[in-house]
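Q: For reference, the structure I am asking about is given below.
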């Protein structure tokens, strides 16, 4: 009898415990699951930190607000310009496509020339000034005469026809002395004026080619009948000193 009461009491006690357990189970489960989830997440994070394999937050975990902050916003004009640049770059990469010509850059004007007017090139031809020069007068020829010296056949020409300046009151002897001195030709004479007589020129003397040999002169093709010291010259006269071997007959001279 006592055993039946004890048994029925145990059953009642079990029923009460099960009822109390059923009422408390939902609340405990609600309180336990977040804690268990948090504990499992913390335990997993701790284990990954200890292992050195902590994963970084992926792109999927970034919120829309963070993406908006990280990515710079583009204006419609910039988007259109970027599209044109990409299209131009793609077209230039194609084989045979002409590359766009870069725009020339214009250098800014210098500071000191900023406010200065630009000088325009003059299209009007400037007249060229020509200086008139007075015509130069040719020097007037001085009074001259011509003289030559020809010895015998063996010696030949001693002096080719040479112009000599004629001075006032010059005689044939004066011109002969001046030209032989200038050309360093040996000449020897004796007497003065009307008695002057030429003995030798260029070391060719009278009587070297015989008793009728000696020096004679002629002016303008004629043999004067006077001494060389007495015959005065005029401008343009042509004097010839010649060596004769026959008192002038071999030279065409005729004396009365």
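Readers should treat all values here as calculations from the given coordinates under stated rules, not as data from a laboratory. Given the structure is predicted, the values throughout are model-derived calculations rather than measurements. Quick reminder, even Gly has a Cβ in these numbers, built from the backbone with ideal geometry, and neighbours come from all protein chains shown.
Q: Given (1) under 15 Å from residue 240 (Cβ atoms); (2) out of contact with any helix residue (DSSP H, G or I) (no Cβ under 8 Å at 6 or more places or on another chain); (3) touching a residue at least 40 places away in the same chain (Cβ under 8 Å); (4) surrounded by 18 or more Cβ atoms within 10 Å (Cβ to Cβ), identify the lone condition not met by residue 215.
A: Of (1) under 15 Å from residue 240 (Cβ atoms); (2) out of contact with any helix residue (DSSP H, G or I) (no Cβ under 8 Å at 6 or more places or on another chain); (3) touching a residue at least 40 places away in the same chain (Cβ under 8 Å); (4) surrounded by 18 or more Cβ atoms within 10 Å (Cβ to Cβ), only one is false for residue 215: (3).
Q: Would you call residue 222 without any contact (Cβ under 8 Å) to a residue 12 or more places away in the chain, over 21 Å from residue 203 (Cβ atoms) and out of contact with any helix residue (DSSP H, G or I) (no Cβ under 8 Å at 6 or more places or on another chain)? So that I can check it myself, show each step before the final result.
A: On the way: without any contact (Cβ under 8 Å) to a residue 12 or more places away in the chain: yes; over 21 Å from residue 203 (Cβ atoms): yes; out of contact with any helix residue (DSSP H, G or I) (no Cβ under 8 Å at 6 or more places or on another chain): yes.
So residue 222 passes the test.
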